[in-house]
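Participant: Would you mind keeping the following structure in view while I ask a few things?
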Amino acid sequence: ILETDGRVNVIKYPAEMPVTAKQMNIPCENTGYPITVISAGHVNNSNLKLISRDNAWLLDELKANGIDDVGQVFLMTVNEAGQSYISAKEA
């Protein structure tokens, strides 16, 4: 579909949709709900405390992902399994 602003939007046919683990009867680990730790370069200290982490852990986690400054992060979440997701700000 060509949108009025010039972008192209794709709607897949049902037969082309990706299959899920549930549909394949593959057991998967429930990693829990993700908690936002950084949003738009700002640390949410109450959520950091909620996941029992501190600023030292946060800085180490960022450095392990090649990020030197909290201000470079658009979004960072941590789920109940301790897995983090980091999305850097676009330049």
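The values are calculated or read from the model by the stated rules, or taken from the named source; none is laboratory data. Keep in mind the model is a prediction, meaning the values are calculated, not measured. Methodologically, a virtual Cβ is constructed for each residue, glycine included, from the backbone with ideal geometry; neighbour enumeration extends over all protein chains shown. Remember, those area values only see protein heavy atoms, side chains included, never the ligands or the DNA or RNA. Shrake-Rupley method; radii C 1.70, N 1.55, O 1.52, S 1.80 Å.
Participant: So which aspartates and glutamates pass the test for Lys49, namely a Cα distance under 15 Å, with those fewer than 8 places away in the same chain ruled out?
Facilitator: The reachable aspartates and glutamates, counting only those whose Cα sits under 15 Å from Lys49, are Glu80.
Participant: May I pose another question? Determine which lysines satisfy two conditions relative to Lys12: a Cα distance under 28 Å, and not lying fewer than 8 residues away in the same chain.
Facilitator: Lys22
Participant: Using the Cα centre as the reference, give the magnitude of the dipole from point charges on the C-beta atoms of the stretch 31-81 (Lys, Arg: +1; Asp, Glu: -1; all else neutral), rounded to the nearest 20 debye.
Facilitator: Roughly 120 debye, rounded to the nearest 20.
Participant: Using the Cα centre of the chain as the reference point, and only Cβ charges (+1 on K/R, -1 on D/E), how large is the resulting charge dipole? Debye, rounded to the nearest 20.
Facilitator: Here the chain has a charge dipole of around 200 debye.
Participant: Which order do peptides 60-72, 21-33, 5-17 fall in by mean Cβ count within 10 Å, highest first?
Facilitator: Details: 60-72: 12.9, 21-33: 8.4, 5-17: 6.6.
The most tightly packed comes first, giving 60-72, 21-33, 5-17.
Participant: Using only Cα atoms, find the angle between the long axis of helix 55-64 and the longest principal axis of the chain, and express it within 0 to 90 degrees, rounded to the nearest 10.
Facilitator: So the inclination is approximately 50 degrees.
Participant: I would also like to ask the following. What does the charge count near Gln83 come to, summing +1 for each Lys or Arg and -1 for each Asp or Glu among other residues with Cβ under 12 Å from its Cβ?
Facilitator: On the way: positive: none; negative: Glu29, Glu61, Glu80.
Result for the neighbourhood of Gln83: -3.
Participant: Now, a different point. Quick one: if you take sqrt(5λ) for each eigenvalue of the C-alpha gyration tensor of the stretch 22-64, what semi-axes come out, biggest first, whole angstrom? Can you show the working numbers first?
Facilitator: On the way: eigenvalues 160, 29, 23 Å².
Ellipsoid semi-axes (Å, largest first): 28, 12, 11.
Participant: With a 1.4 Å probe and every protein chain left in place, work out the accessible area per residue of the chain in Å², rounded to a whole number. Can you show the working numbers first?
Facilitator: On the way: 7290 Å² over 91 residues.
Counting only protein heavy atoms, the per-residue value for the chain is 80 Å².
Participant: Using Cα pairs under 8 angstrom and six or more residues apart, how large is the relative contact order of the chain, in percent?
Facilitator: Working: 100 pairs, mean separation 23.8, N = 91.
Across the chain, relative contact order equals 26 percent.
Participant: Given (i) 17.9, 47; (ii) 12.3, 34; (iii) 14.8, 45 as candidate values of Rg and Dmax of the Cα atoms in Å, which corresponds to the one derived from the coordinates?
Facilitator: Checked against the structure: label (i).
Participant: Ignoring ligands, DNA and RNA, what percent of the accessible area of the chain is carbon or sulfur (1.4 Å)? The partial results should precede the final answer.
Facilitator: On the way: 3860 of 7290 Å².
So the carbon and sulfur contribution to the accessible surface is 53 percent.
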